[in-house]
Amino acid sequence: MAVIGALVMTTTASCGSDDSGPKASAQQRTTSPTPSPAPVFTQGKVNDGLIRASDVGRNVEEVPPAFFGLEQKKSPMCSLTSTRLNGKPDVLVRQFSNDAPPKDEIKYAQLIALYANASDASAAYDQLKRKATTCPPKQHVPVRRISKHSMLLSHDDTWKTSEDVVAGWTHLRGTETHVEPASVTKYNVYHFLYDYAHLGNAVVVTVYWERSDPKVSADPIYARATKILTHQLQRFG
């Protein structure tokens, strides 16, 4: 609680002096409010605040985590890569998908990391931020095998980052446009929204993605990703 310093008055002032002027005002002292302590998130609080599949989209269901690196509890990163988190947090991963035609596909993944203290969480967030902000703004990614039975097609990526605050959380977004050859499908543009957020002892990483025709604006996709992220962070508090 702010404490207002008392106005200092001299008892030996000569007759006719006025201690209510600028000199006296300069003697007034105040103290700044004490900063609020960083919130402490527990696994129970996180579990209680998790959004449901229906919050992600219509006919969306939770599926086994399989997004790049997620099954190893690594953080997703640009161009469908992943990076290991700093420290030894408790990590929860989830993934969601709907069974729909390409133009109506909705995909979403979450990684929630809880650290022993806010300092460790802040260091982990800073590490993710450094990694994300050094991703190439443009690159061609050659075809590569991603599993025994799957290949990742060659594609062109564009990447940019932006920072703000979402629901009180420090936040960085990586926006990635991933374009595959038009001969593969009409809906050959993938829009990936990578979100990295930090508050207290928690780091939250999410990826939301849809695909579209090249002629269609991605703005509604970005808006849906932002709405889901905001809802999730608000539920965590």
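The values are calculated or read from the model by the stated rules, or taken from the named source; none is laboratory data. Just so we're clear, the structure is a prediction, and the values are computed from it rather than from any experiment. With ideal geometry, Cβ positions are generated from the backbone for all residues, glycine too; neighbour counts draw on all protein chains shown. Accessible surface is based on the protein model in full, side chains and every heavy atom, while ligands, DNA and RNA are left aside. Shrake-Rupley method; radii C 1.70, N 1.55, O 1.52, S 1.80 Å.
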How long are the semi-axes of the ellipsoid equivalent to region 97-237, from square roots of 5 times the Cα gyration tensor eigenvalues, in whole Å, largest first? 29, 17, 14
Residues with beta-carbon under 15 Å from that of Leu114, excluding Leu114: net charge, scoring Lys, Arg +1 and Asp, Glu -1? +1
For Lys215 and Asn47 in one chain, what is 0.36 nm times their gap in residues minus the Cα-Cα distance, to one decimal in nm? 56.5 nm
Average the reciprocal distances over every distinct pair of alpha-carbons in region 157-237, invert the result, and give the Kirkwood radius in Å. 13.5 Å
Keeping every protein chain present and rolling a 1.4 Å probe, give me the accessible area per residue for region 109-237 in Å². 47 Å²
